[in-house]
Every structure is written in C-alpha cells, then in structure tokens.
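Presented below is the structure to which this report refers.
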Amino acid sequence: MLTTALALLLAAAPAAAPFELVPGARYDASVPGPQQVLGHDFGAEITPPDGIALYVKALAAAAPDRTRLVEYGRSWQGRPLHVLAIGSPERIAQLDAVKAKLARFADPRQHTAGEGEALLKELPVVTWLLHSVHGNEISSSDAALALARHLLAAQGDPDVDAVLRESIVLIDPLQNPDGRARYVAQNQLGRAAEPDAEPASAEHDEGWPGGRSNHYLFDMNRDWFALTQPETRGRVKLALEWFPHVSVDMHEMGGDSTYYFAPPADPDNPYITEAQHRWFDRFGRANADRFDGRGFAYFVREVFDSFYPGYGESWPIFQGAVGMTYEQASARGLRWRRTDDTVLTYAQTVLQHATASLQTAVTAAKNREALLRDYLEYRRSAVAAAGPGPREYVLVAGGDPSRAARLAALLAFQGVEVRRAEEPVKLGTRTLPAGSYLVSAAQPAGRLVRNLLEAHVPLPEEFVKRQLQRRADRLRDEIYDVTAWSLPLLFDVEAVGSDRALAVKASPVAGVIDDFGLPAPAAPAKALPAARVGYLLPWGSAAAETVAEALRAGLKGRVAGDTFKLAGRDYGVGAVLFRASENGPGLAAALGAIAGRHGAEVVAVDSGYVDDGISLGSGEVQPLRAPRVLLLWDAPASSLSAGWTRWVLERRFGQAATVVRTNTLRRVDLRRFDVIVIPSGDYSAALAGEGVRRLKDWVRTGGTLITLGEASRWAAKEKVGLLATRTELKGGSPEVEEEEGGADKGKKPAAAKDDKPFDYDKAITPDKERPDLTPGALLRVMLETHHWLAAGHDGETAALVESQRVFTPIKLDEGRNVGTYAEADKLVLSGLAWDEAKKQLARKSYLIHQPMGEGHVVAFAEDPNYRGYTEATSLLFMNAVLFGPAF
C-alpha cells in the first residue's frame, strides 16, 4: 500500500484528464490499471520507489505468460532493482533457451557455418529501456509503468502485436531508487495544498544534496565502466546476460526545454560505427514522426553527445547496441511554470517519455532482422580488430601489481576477455614480468577495449577547430563531459601495445566482487611464515587497504619515512612494518587473513639489519594508529566531491569516517579527530572567522587538514590563511579578494592614450579573468618520491583536471610542492587542454604539504577521488589520511 502521506496528497490533488498513451486504445481489464494498484492515473502523482515495485509486480502477476520479472540487484539502501521482460508467450515460455542463443549470437567466434544467419532469422531483437538513473529526473519511471501496461493490456493494436512478436522489451523502471526516495520525500515535504507551478516554491527546491545521485552521491550515469556502485554493476551483469541490441537511457532536462532524442550531438566517439549512426537517424526520424503526429515539440543533436564511454547510452554502444539518450523537459513536480508563463504538467512529461519509448520499441520490432544483422557485423568486425591500434594490450604488473590486478578484474567484469600471463612476456626488446595481463582487441567487445585502454581517444579535428573559433569569439565551448578516461593512466598501470597476438602461457581472469563491493581478483588468506622481527608491506593500493583494516583490527604498525634496503631488496617511503614484538603471537594469522583479502604483498623479516638507508628502529619509522577521520558534509560542499570522498574512505579503502554537517562543526570537539577532510566547495561564508580560527588551532596541535579542489582555493584566500600560497588569475597575477565597497573602490579610470590604436579585445577582457577551463583532461604530475605523501608512486602520475584552478607553488620556507604539473610540452597525457591553460599550469602545484605547528595542511588542486575511478591519485589522498597523523 502507498504511504499515508502520499494518500493524503492524492486526495487533495485536482482531477486531471485521463492519460492516453495511444488515443482510443482498448485495454484488457484483467491487467490492472494504475488506479487499481497505485490509486492514481499515470502522471497524476510522482510514484515513489515502493509504488513502482508494487505496480511492476502486479503487472507480472496479471500476465505471467508474457512477462518475467527479475530482481537484478539492490541499491546501497537495500531497495530492489527490477527489470520486467515482456515478450510473446512462446518466447517467455522458452526464455532461458532464448537467452542462451542471444549469448551465442553475440560471439561470432562460436558460430558454425551458417549458424549466425540461422540465429538471425530466429531470435528476437532485444530493446532495453532504462529509466531515472538520476533520482530527481522523475517522469521516465512513471512512463515506464505506462509503457509496460500498454504492451501487456492493449487490444487490437498492430504495433503492440509486432513488438510482442518480433522483440523482447526489457523495462528497467527505476535505476536509482535511493535518489528518487530522497527526491519524493523533499517534494512531499514542500508540497502545497494544490501543486504550485512557481519554480521557486519549496516543492521544486531541493535541499543539499538533492535527489539526482545515489546513496553515495555518485552520478551513476558516469559509472558504467568504473563500476563503483552496486546499481551499475547489477545493470552491467544484466546486459551481459541479455546482450541487448537497442538501449535507451531516459533522462530529464530544464523545464524550459522540450524533448530530445537521437541523433546525438558532436563530438563523435571514433569507435561508433557508420551503421550505428544510420540507426540513430532512423530511430530519430521514427520518433519525430510520432511526435509530429501528436503535436509534441522536440530537438535532435545540439547538446547531448556520445563521446564519453561511461554513459548509460554509450557503454552499450561499444558492446554493439544502438545506444541512445532521451531527455524530457522536467516539471520537477506536478506543475512547472516556464519562463513564457505556460505550465508544464507532470502528466505531459510522462506522456512524452512513454510515447518515445513506445515508438522506439515499435521501430526496433519492425526492423528486427536489420538490427540483428548490423549487431552481428559489429561483433564480427570487432573480432577482426580492423583499423589502427594494437592487436593486443599488456597491462604490466609493475611496482604495484595490485592495481594491475584490480584493473584486469574490472575489465573482466564488464565482459572483456583478460588473461593473466603465467610466464614472462617478450615484446620487442622488452621482457615483461609474469603476472602481467593480456587483453586482446580482437574480441567482440574490442571497441570497448580500445576506448578504455588507449592512452588517448581523439576528439574529431573539425570539432576541435570549431571550439577554437568559439573561444576566439568569446563563446562557451560545446564540450559536454570529460575528454579523457584512460584506465591505465587513471590506475597508473603501464599498458604496452603489441601489433600481433601474443602466444604466452596464460589463464583467464574472472571478474568477481570483493568484500568492499568492488571488482577485484579473488585472493585466499596468506599463510605467512614465522618471522623473528615482523612483516613488511611495500606500499601501494592493496597495502593501503590492508593497513587500514589491520589498524582498525588493533594491529600495531610503523611507517617508514624514507627509503632503505633490506636483504637485498629496496623499499620506498611508506613501507609499513608490523613488529612481532608489538603485536603478539597471533600476528601472522591475523595479518595473513587481512592481506589475503586485499591481495597485498607481505614480506617476512627475520633480521632488522638494513643494507642501506634508514634502519627499522630509526626515528624515521613512525608509529601508526587507526586515524579518527571527520568528513565535512552538506552545503557548501560539492555533493559529488563529498560522495566520492566518503566512498573512497568507507568502501574503497575501508577507512571509517564520521560525517559531520558543515553547520554542526562549530559544536564539535575537534580534539576527538586526527584528520579533517574538506570536500571541494567555497566555505567563505560557512567557515568564516571563528570557524577558521578553530581549524588553525586544531592543526597546530597535531591535526591533519586535507582540502580538495575548490576547498583548497578557499584555504588559500588571504582572509582564510590556511594555505600560504595563492591561486592565479589568467596571465598569472594572484587572485585577491575584493575590498569592501566593491571591486572598483579606489580604482582610477585609465588615462586615454591617443598615440596607440584602440585594442578592442583588451577593452572587453574582464579585469579579473580566471584561467582557462581544462575540460577533464589527464595531466602529468611530477612527484617528490622521497615525501610520504607520494608513497606508492614512481616519479609521476596522471591527475584528472576539470577546473580553472591554478596554484602558485608554495615557498620552501612554508611547505613542499609534493606534486607539480609537468612542463607544458609534456603536460597532457590524454584529452584536451587549451594552449593558454597548458602554459599557465606548467610547473604549478597539484599537491601541497604545509606544516603548521605540530600538524599539517594537505591541499589538492583537483579532487583526487574523481568519480571513484582515479585509482592512483586516490592513493595520494589515502597517504594523507593514514600517514598524516604519524608524521
């Protein structure tokens, strides 16, 4: 049953016209309508997550011969994730056999002579419709219910008959139930006695963090290859069971817009085929014809692109599907007043989404054989690995083999075939170590492989030229999302290409899930040998996971603040020693079990006498303790930054954190914490005056303050004084705050000079123009390897840069520039950065360490935990968390 609060709101809601997906449609009364189950018509109310689950269960129960309801996962908060499969009674009765044939059809290497053609004649086209990945983009979930009911109950409709006969439609009605629940609660809390169309009304005004993201505040429409969230992992697993041929991700946009469907905007990803482009156009024209017939406005191209491979539309594209995004103008409630004073109703938004979904299913059904033929050709051509690029990639098990292992498992989880080399790999003049991973581009998912493993996926040359002209005309660029995402760079794993297939003894890698909810290789407990002195963990990502859990379990460790050589092996800064004498007789079993879970290397030490460098008993080897971490939460923090940070702490590395709202910080006894993390955001108003003074006092008494992105810019402001450097304006002058009275106080107008021609460009340039925005590029950062913040890295790493922030390097008498951007000609590893930005960023600070009294301030110019997939820079962040209190 629906909640009491919703029932009361329904009683107060004004009556609306009946919902008509297809005017004049007749429905089978044995399939329940929405009023019978939900108490309202489609679009008359925003159905909450439990109501959506209730209705799809009711539909499945009413039409068991034409449906199969599958729970494919659970959200972080335990809500079910459903997909409703709809097809003909004959296909549903044989559904498991049909799925097996779909899987076989998707791998042309398995086909016997003529088998592909035979399967093509027999199999249905699979149309996958995904709804509301953003919880506050509400209309598509109710549209999903309307479509499902129509397909199951409409009578005498030749389009529905064709859909059931030629296809299987997979309807995922709600990808993000946690975000939708948060949105519905806020909407109901602000709801007026009658729906208020005023955009400023409380029912439209979501408080922080809003309902867009999931429990960990991730934008799951960017998570499809990173697979950090259980909801995404469930969908990817589902995709690899059904191998859909058409996939549509349904969204909402601003209320003043209309409706968007494919073809997508520029830029074009080079691994999208011409056949897929033709299908974008064919589906777009079919949708347009249906919309024109009903008088619905729409647009194509213009805004939404398919360049980034981690969207809900684009990841299926690189598996061979026709993947598309649809966007509906949002009412953000039941009624929304547009700027032209017309009112957009929720019912209208639901109707338009349902109309587009229905037409897509019909178009797919009527073009079943052609779609399957192009899908098969896509997979065949991927196996042939035609075109430029390596035939095979080798992911080298280098200084931190755990990152290569995690990357391999991440690829395997999403259907990429990966092999682990059981012997050294000879490639040209190099011999790569056993334990490296082989990934062939000659496989059905080969275009996804190239997208994820190539160092750089180029933007189309004409698109870049157009952006340069727009910059010259002082117009905003048309770049929608990041321009770089190379997984080897993000993981700091070397990827070496081979122009031929490698004949190496190797075993397949399975994508599995570890205790932290991440794709990772399975690892049994390590049987550690007895050790007189103790056990050393060379530092890296798996070691950080292991140490965080070991400290939480009560084990006592020590961290090396400099390098040393022991028993002929070199150890870098950050190596952690668990002494036998400090941990008791159960150390080997306890540490072995923890290290096994995380795949960390553990070295038994029988003698503490070093060959070179600092001694194990040196004062440079500092005791560790489980850090007590406080994470600032709520406005003005970026909800994304806060969510990424919390997830990296709690889920990626298993480090507990107390989450404290910013406006509560003034009441907190800061002495109870060792580390405070401030997510990206401008805290000028929230932490002014006394708030900053308390932070400074806490740092001086031994605290470690970590600022991320825009919070570092705030910390560097003169009035804040937490960071002894400044951010820069365009051209390099320091960014300073305005004096009281405004920017023009005391400013004298420039004297006219008749002897120089008028410089128009200079005249229109703002006096305080910020540096050029770098649109999500991977930039080379040079690291001070002797500093504990850089532990686990060689001399450089890649940082994801998506901002205008430029930090002048800190003076040596104030701190250290542990990470600085490379010279301009070596700066860009992947993606796009403008020449002016490259020149200004070169040799500027990325990671700053500033001692303050007995404590430190650690400042990152960019968010090191970006989208949860910046594996290498997340380790820099965890170094600050785990090691900061020790040093």
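Tabulated results
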quantity: Amide N proximity, the stretch 317-358 versus ALA370 label position 7 Å along Cα-to-Cβ, cut-off under 15 Å; calculated: 322
quantity: For the stretch 851-887 and the stretch 266-306, distance of Cα centres in Å; calculated: 44 Å
quantity: Distant-in-sequence amide H partners of HIS251 (H built 1.01 Å from N, under 5 Å); calculated: TYR326, GLU327, GLN328
quantity: Reference-scaled alpha-carbon Rg (2.2 N^0.38 Å with N residues) for the stretch 169-305; calculated: 1.26
quantity: Rg/Rg_ref, the stretch 133-198, where Rg_ref = 2.2 N^0.38 Å and atoms are Cα; calculated: 1.50
quantity: Mean shadow area of the stretch 801-874, taken as a quarter of the surface of its Cα convex hull (nm²); calculated: 5.6 nm²
quantity: In degrees, nearest ten, helix 274-294 long axis to first principal axis of the chain (Cα); calculated: 50 degrees
quantity: The stretch 215-238 and the stretch 638-672: distance between their alpha carbon centers, rounded to Å; calculated: 22 Å
quantity: Mean Cβ count within 10 Å, highest first, over the residues of peptides 855-862, 769-776; calculated: 855-862, 769-776
quantity: Label assignment, volume of the Cα convex hull per residue in Å³ derived from the structure, set [x] 197; [y] 238; [z] 213; calculated: [x]
quantity: Virtual spin-label span in nm between ALA442 and ALA763, 7 Å along Cα→Cβ; calculated: 6.5 nm
quantity: Table column - 3J(HN,Hα) (Hz), the stretch 581-595, Karplus curve with 6.51, -1.76, 1.60, x for Gly and Pro; calculated: 5, 9, 10, x, x, x, 4, 4, 5, 5, 5, x, 5, 5, 5
quantity: Ranked by how many other beta carbons lie within 10 Å on average, peptides 407-415, 463-471, 831-839 from highest; calculated: 407-415, 831-839, 463-471
quantity: Candidate lysines - alpha carbon under 26 Å from LYS505, same-chain residues fewer than 8 apart omitted; calculated: LYS426, LYS526
quantity: Cα-based convex hull volume of the stretch 326-374 per residue, rounded to whole Å³; calculated: 87 Å³
quantity: GLU377-ASP65 FRET efficiency (beta carbon distance; Förster radius 35 Å; 0.05 resolution); calculated: 0.55
quantity: Debye log10 I(q)/I(0) for the stretch 21-79, one point scatterer per Cα, at q = 0.30, 0.31 Å⁻¹; calculated: -1.28, -1.29
quantity: Dimensions (Å) - the stretch 608-672, Cα atoms, principal axes, largest first; calculated: 52, 26, 17
quantity: From phi via Karplus (6.51, -1.76, 1.60), per-residue ³J(HN,Hα) for the stretch 756-770 in Hz, x at Gly/Pro; calculated: 10, x, 5, 9, 4, 4, 5, 5, 8, 6, x, 5, 10, 8, 6
quantity: Distant-in-sequence amide H partners of SER638 (H built 1.01 Å from N, under 5 Å); calculated: SER680, GLY681
quantity: Tensor-based shape of the stretch 167-214 (alpha-carbon gyration tensor, a/c under 1.5 rounded, otherwise prolate or oblate); calculated: prolate
quantity: Dipole of the chain, positive end: most advanced residue of PRO18, HIS793, TYR271 [Cβ charges, Cα centre]; calculated: HIS793
quantity: Order by protection proxy (mean Cβ within 10 Å, highest first), peptides 82-90, 240-248; calculated: 240-248, 82-90
quantity: Spin-label zone in the stretch 757-794 - amide nitrogen under 14 Å from a point set 7 Å from the Cα of HIS456 along the C-beta vector; calculated: 777-780
quantity: Length gained when the stretch ALA472-THR112 is fully extended (0.36 nm per residue, less Cα-Cα span); calculated: 123.9 nm
quantity: Members of LYS719/LYS844; LYS719/LYS762; LYS57/LYS99 lying beyond 24 Å, as alpha-carbon distances in this model show; calculated: LYS719/LYS762
quantity: Using a Förster distance of 22 Å, the FRET efficiency for GLU423-ALA525 (Cβ separation, nearest 0.05); calculated: 0.25
quantity: Long-range HN-HN contacts of ALA154 with modeled amide H, under 5 Å; calculated: ASP28
quantity: Inter-label distance, nm, simple model (7 Å from Cα along the C-beta direction), LYS826/LYS811; calculated: 2.8 nm
quantity: Cα-centred dipole magnitude for the stretch 502-660, charges only on beta-carbon of K, R (+1) and D, E (-1), debye, nearest 20; calculated: 260 debye
quantity: Of all accessible heavy-atom area on the chain, the percent that carbon and sulfur account for (1.4 Å); calculated: 50 percent
quantity: Distance histogram in 10 Å bins (all Cα pairs of the stretch 31-149, percent per bin); calculated: 12, 37, 29, 16, 6, 0
quantity: Helix axis angle, 230-242 relative to the chain longest principal axis, alpha carbon, degrees; calculated: 50 degrees
quantity: The chain, helix-only ellipticity at 222 nm - DSSP H runs n ≥ 4, -39,500 (n - 2.57), divided by all residues, nearest 500; calculated: -9500 deg cm²/dmol
quantity: Shape of the stretch 330-475, Cα gyration tensor, a/c cut at 1.5; calculated: prolate
quantity: Longest to shortest principal axis, alpha-carbon extents of the stretch 570-724, angstrom; calculated: 56, 30, 27
quantity: Calculated from backbone phi, Karplus (6.51, -1.76, 1.60) coupling profile of the stretch 444-461 in Hz, x at Gly/Pro; calculated: x, 8, x, 6, 5, 4, 5, 4, 8, 9, 5, 5, 8, 9, x, 6, x, 4
quantity: Degrees separating the helix 368-384 axis from the principal Cα axis of the chain, which is the longest one; calculated: 30 degrees
quantity: Theoretical FRET efficiency, 1/(1+(r/R0)^6), r = Cβ-Cβ of THR431 and VAL512, R0 41 Å, to 0.05; calculated: 0.90
quantity: Cα gyration tensor, the stretch 377-434 - rounded (a/c under 1.5), prolate or oblate; calculated: oblate
quantity: For the stretch 676-744 versus the stretch 115-153, the gap between their alpha-carbon centres in whole angstrom; calculated: 49 Å
quantity: Spacing of the two label points (7 Å from each Cα toward its C-beta) at GLU241 and PHE887, in nm; calculated: 4.8 nm
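The values are calculated or read from the model by the stated rules, or taken from the named source; none is laboratory data. Only a predicted model underlies this, so the values are computations on that prediction, with no experimental measurement involved. With ideal geometry, Cβ positions are generated from the backbone for all residues, glycine too; neighbour counts draw on all protein chains shown. Surface areas here come from the heavy atoms of the whole protein model, side chains and all, with no ligands, DNA or RNA. Shrake-Rupley method; radii C 1.70, N 1.55, O 1.52, S 1.80 Å.
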